[in-house]
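In what follows, a single structure is set out as C-alpha cells and then discussed.
The values are calculated or read from the model by the stated rules, or taken from the named source; none is laboratory data. On a predicted model such as this, the values are computed, not experimentally measured, just so you know. Glycine gets a Cβ as well: all are built from the backbone with ideal geometry, and neighbour counts include every protein chain shown.
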Amino acid sequence: MNIFKEGLYIVSTPIGNLDDITLRSLDVLKKSDIILCEDTRRSIKLLNHYNIKKKLISYHKFNEQAELKKVIEYLNEGKILSLISDAGTPTLSDPGLILVKECIKKNINIFPIPGPSSITATMSLSGYEDKFLFYGFLPKTESDNQNIK
C-alpha cells in the first residue's frame with residue numbers, strides 16, 4: 001500500500017496515447033486533493049478515461065503568477081496537489097517552473113512522477129552516440145524559429 005505525503009506531485013501524462021500513463025501516475029492522481037491542469041478541457045479526457053474525479057484548477061502560463069499564492073496556501077494546509085500538463089512532463093517547456101521554485105523556497109515537498117518523455121522517446125530511436133544536450137523545444141511558429149539566437 002502506497003502512503004502519500006503532503007506536497008506537490010509533478011505528474012507526467014501521456015503524449016497522445018492515453019494508455020501510456022504509468023500505474024504510479026494514476027495512483028497519485030487518485031490520491032490528490034487537487035489537480036492543477038494546463039488545460040482542464042484536455043486533462044478531463046484523461047481523467048474521465050480512468051474514472052478519476054477530483055477538483056481541477058486551471059494552471060497555465062497565462063495565470064501561473066496569479067494562481068501561485070492560492071496554490072501555496074493549499075499546500076501549506078497539508079493538501080496533496082498534482083500538476084499535470086497537456087502531454088509529457090510539467091515544467092519542461094510547460095507551466096510549473098514558477099510553482100516549483102516557490103515550493104523549493106518555502107521547503108514544500110515536491111515529488112517527481114516520471115512517465116512518457118518526448119525527449120527520451122526521440123533519442124531512443126535517433127541513433128545518437130550516447131550523449132546529447134537538450135536546449136529546449138523549438139518555438140511553435142515559423143517566425144519565432146527565425147529569431148533563434
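Observations
- Scanning region 33-63 for residues that are more than 14 Å from SER12 (Cα to Cα), of a type outside the set (Lys, Arg) and out of contact with any Pro (no Cβ under 8 Å at 6 or more places or on another chain) yields a count of 15.
- Filter pass, ASP86 being in a loop (DSSP other than H, G, I, E, B) and within 17 Å of THR22 (Cα to Cα): yes
Condition check ((1) in contact with a Phe, Trp or Tyr (Cβ under 7 Å, 6 or more places away or on another chain); (2) among the aromatic types (Phe, Trp, Tyr); (3) surrounded by 12 or more Cβ atoms within 10 Å (Cβ to Cβ); (4) in a loop (DSSP other than H, G, I, E, B)) across all residues:
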{"position": "GLY16", "(1), (2), (3), (4)": "no, no, no, yes"}
{"position": "ARG24", "(1), (2), (3), (4)": "no, no, yes, no"}
{"position": "VAL28", "(1), (2), (3), (4)": "yes, no, yes, no"}
{"position": "LEU36", "(1), (2), (3), (4)": "yes, no, yes, no"}
{"position": "ARG42", "(1), (2), (3), (4)": "no, no, yes, no"}
{"position": "LEU46", "(1), (2), (3), (4)": "no, no, yes, no"}
{"position": "HIS60", "(1), (2), (3), (4)": "no, no, yes, yes"}
{"position": "GLU67", "(1), (2), (3), (4)": "yes, no, yes, no"}
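- Residue among ILE119, ILE52, ILE148, ILE108 that is at pLDDT below 95, aliphatic (A, V, I, L, M) and in a loop (DSSP other than H, G, I, E, B): ILE148
- Selection over region 72-83 of residues that are in contact (Cβ under 8 Å) with a residue 60 or more places away in the chain and either in a helix (DSSP H, G or I) or within 19 Å of PRO116 (Cα to Cα) (or both) gives a count of 3.
- Residue under evaluation LEU68, criteria (1) under 20 Å from PHE4 (Cβ atoms); (2) modelled with pLDDT of 95 or more, criterion not met: (1)
- Near pairs, Cβ below 8 angstrom, 6+ apart or cross-chain, from region 1-26 (in contact (Cβ under 8 Å) with a residue 60 or more places away in the chain and over 22 Å from VAL100 (Cα atoms)) to any residue that is crowded, with 17+ Cβ neighbours inside 10 Å and acidic (Asp, Glu): none
- Filter result (surrounded by 11 or more Cβ atoms within 10 Å (Cβ to Cβ) and either at pLDDT below 75 or more than 18 Å from GLY16 (Cα to Cα) (or both)) within region 122-133: PHE132
Matching residues to (1) touching a Leu at 6+ places or on another chain (Cβ under 9 Å); (2) of a type in the set (Lys, Arg):
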site	(1), (2)
GLU67	yes, no
LEU75	yes, no
LEU81	yes, no
ASP86	no, no
THR89	no, no
LEU92	no, no
GLY96	yes, no
LYS101	no, yes
